[in-house]
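Peer 1: Got a structure here, written out as structure tokens. Questions coming.
The values are calculated or read from the model by the stated rules, or taken from the named source; none is laboratory data. None of these values were measured; they are calculated from a predicted model. Reconstructed Cβ throughout: ideal geometry from the backbone, glycine too, with neighbour counts over all protein chains shown. With ligands, DNA and RNA removed, areas are computed over all heavy atoms of the protein, side chains included. Shrake-Rupley method; radii C 1.70, N 1.55, O 1.52, S 1.80 Å.
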Amino acid sequence: MSTWYFSHPSFFKHDTGEGHPESIQRLLAIEKALSAEEFQGLVRKEAPAGTHEQLRLVHKEGEISHVLEAIPRSGEVHIDPDTVVSPDSGTAAMHAVGAVCAAVDAVVTRQAANAFCGVRPPGHHAEPGRAMGFCLFNNVAIAARHAQKQHGIERVAIVDFDVHHGNGTQAAFQNDASVLYASTHQYPWYPGTGAAEETGVGNIFNVPLRAGTGSQGFRQGVREKILPALERFQPGLILVSAGFDAHRDDPLASLELDEADFAWITEELLALAEKHAAGRLVSTLEGGYNLRALANSAAAHVRALTEKVS
Ligand SMILES: [Zn+2]
């Protein structure tokens, strides 16, 4: 079995306008890094479109139509000050959802060893009733519900190492003990949520990190809080919100991680997936806005995924 990489042409057409950090250039940089010789073994898959039924696993009907009806025939529309849609954004958003659900299908049916979804738009800020923070639909939350509904996986863990707290993912599951959400993030920072005291029904594990925190503080938080929580939870599937904006060179935040930290947490999560979830792990792209840091970090993450594969 191999690591599968999901992408789709529409991800390169979701135009957020001049100067927007969540740009098409991000995915071009990642794909260039993954075109290196060492990634020859990566199995490349075109993401199918997600379905309305999948969207409804997390989002309210009114919110789904609010987003899709905002898509313009030309030009750009701001859903909020940060979140921009243009003519191809709806197609991209549907394929981003479809990518993560298809990756779950591939991993659960043992066609793929694990998977990385190189999607745009990202998803973890999208709440059940509100698109925000560059995110239209919550790709990873929908995939968690899809795994439960389609594959009967009872306990799904979502680990989010994006520098921003995944308020949308937390909101989707804070009353549902069947999904564990664990996040490391700069705090206080956008979007304002993510305090350690936000624990849901005992299923939310927030590791807030002060600006300037580097490798040591990050790894300590993961080791002391997140890994033991995952051990106790014994998930049947691990989903990863892989944002790379906690990198020291990222322009949108002030943590001080580097590529080695992203490789490290990937290896730790793979080991846990191996122990509790028959190796089942699906990762999806969230943030990361310095193109070079993003490309190198995503490559380190995917390298760790492929190295686990026999
Ligand atoms: Zn982020």
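Peer 1: Using just the Cα positions, wrap region 186-310 in a convex hull and report its mean projected area in square nanometres, one decimal place.
Peer 2: On the way: hull surface 29.7 nm².
Convex hull of Cα atoms, orientation-averaged projection: 7.4 nm².
Peer 1: Once region 1-140 is represented by equal point scatterers at the alpha-carbon sites, with solvent omitted, what log10 I(q)/I(0) does the Debye formula produce at q = 0.10, 0.13, 0.18 Å⁻¹?
Peer 2: Cα-only, vacuum Debye calculation for region 1-140: -0.33, -0.55, -0.99.
Peer 1: Now for a separate question. What whole-number value in Å² describes the accessible area per residue of the chain for a 1.4 Å probe? All intermediate terms of the calculation are to be shown ahead of the outcome.
Peer 2: Numbers: 11670 Å² over 310 residues.
Accessible surface, normalised per residue, equals 38 Å².
Peer 1: Could you give the alpha-carbon Rg of region 246-310 over 2.2 N^0.38 Å, rounded to two decimals? Display every interim value, and only then the final one.
Peer 2: On the way: Rg = 12.6 Å, N = 65, 2.2 N^0.38 = 10.7 Å.
Ratio of Cα Rg to 2.2 N^0.38 Å: 1.17.
Peer 1: Given N residues in the chain, what is Rg(Cα) / (2.2 N^0.38 Å)?
Peer 2: 0.89
Peer 1: By the scheme Lys and Arg +1, Asp and Glu -1, what is the net charge of all other residues having a beta-carbon under 12 Å from that of E127?
Peer 2: Working: positive: K60, R130; negative: E63, D80.
Neighbour charge sum, excluding E127 itself: 0.
Peer 1: Select from region 158-234 those trypsin sites (Lys or Arg not before Pro) which occupy a DSSP coil region and have at most 11 other Cβ atoms within 10 Å, ordered by residue number.
Peer 2: Details: sites: R210, R219, R223, K225, R232; in loops: R210.
Sparse-neighbourhood loop trypsin sites (Lys or Arg not before Pro): none present.
Peer 1: Moving to a separate point now. Take Q220 and A278, extend 7 Å from each Cα along the Cα→Cβ direction, and tell me the distance between the two endpoints in nm.
Peer 2: Here the answer is 3.9 nm between the modelled labels.
Peer 1: Another question, if that's okay. So what is the calculated 222 nm ellipticity per residue for the chain, using -39500 (n - 2.57) for each DSSP H run with n of 4 or more, over all residues, to the nearest 500 deg cm²/dmol?
Peer 2: Details: 10 runs with 114 residues, N = 310.
Mean residue ellipticity, 222 nm, calculated: -11500 deg cm²/dmol.
Peer 1: Looking at region 168-255 from every direction and averaging, what is the projected area of its Cα convex hull in nm²? Kindly include the intermediate steps, with their values, before the conclusion.
Peer 2: Details: hull surface 22.4 nm².
For the Cα atoms of region 168-255, the hull's average projected area reads 5.6 nm².
Peer 1: In the chain, with Lys and Arg counted as +1 and Asp and Glu as -1 at Cβ, which of these residues, P21, G90, G41, has the Cα nearest the positive end of the dipole, that is, farthest along it?
Peer 2: Of P21, G90, G41, it is G41.
Peer 1: May I ask for the equivalent-ellipsoid semi-axes of region 67-221, computed as the square root of five times each C-alpha gyration tensor eigenvalue and listed largest first in whole Å?
Peer 2: Details: eigenvalues 124, 96, 41 Å².
Whole-Å semi-axes of the equivalent ellipsoid: 25, 22, 14.
Peer 1: Using 1/(1 + (r/R0)^6) with R0 = 51 angstrom and r between the beta carbons of A70 and T199, what's the FRET efficiency to the nearest 0.05?
Peer 2: Plugging the Cβ-Cβ distance into 1/(1 + (r/R0)^6) gives 0.90.
Peer 1: Within the set of other residues whose C-beta is less than 14 Å from the C-beta of T16, count the net charge using Lys and Arg as +1 and Asp and Glu as -1. Present the calculation step by step, with values, prior to reporting the outcome.
Peer 2: Numbers: positive: K13, R26, R120; negative: D15, E18, E22, E76, D80, D82, D88.
Charge balance near T16 sits at -4.
Peer 1: Show me the GluC sites (Glu not before Pro) within region 223-310 that DSSP assigns to loop and that have at most 10 other Cβ atoms within 10 Å of their Cβ. Before the final figure, lay out each step's value.
Peer 2: On the way: sites: E224, E231, E256, E259, E267, E268, E274, E286, E307; in loops: E286.
Listed in order of number, the matching sites amount to none.
Peer 1: Using a 1.4 Å probe on the protein chains only, how many percent of the accessible area of region 1-138 belongs to carbon and sulfur? Numbers along the way, then the final one.
Peer 2: Numbers: 2740 of 5590 Å².
Taking all protein chains in place, region 1-138 shows 49 percent carbon and sulfur surface.
Peer 1: Okay, next question. Using the C-alpha atoms of region 207-269, what convex hull volume per residue, in cubic angstrom, is computed? Numbers along the way, then the final one.
Peer 2: Working: hull volume 5.0 nm³, N = 63.
Looking at region 207-269, the number lands at 80 Å³ per residue.
Peer 1: Take the alpha carbon atoms of region 14-74, find their center, do the same for region 146-179, and report the distance between the two centers in whole angstrom.
Peer 2: Between the Cα centre of region 14-74 and that of region 146-179, the gap is 19 Å.
Peer 1: Determine how many Å³ per residue the convex hull of the Cα atoms of region 126-200 encloses.
Peer 2: Spelled out: Cα convex hull of region 126-200, divided by residues, is 84 Å³.
Peer 1: Ok, one more. Rounded to the nearest 0.05, what FRET efficiency is calculated for H151 and F39 with R0 set to 25 Å and r the Cβ-Cβ distance? Don't skip to the end; give the middle numbers.
Peer 2: Values: r = 28 Å, r/R0 = 1.11.
Efficiency computed from Cβ-Cβ geometry: 0.35.
Peer 1: Right, next: Give, in nm to one decimal, the length gained when the segment between H20 and A211 is fully stretched (0.36 nm per residue of separation minus the Cα-Cα distance). Kindly include the intermediate steps, with their values, before the conclusion.
Peer 2: Numbers: separation 191, 0.36 × 191 = 68.76 nm, distance 2.30 nm.
The span from H20 to A211 would gain 66.5 nm if fully extended.
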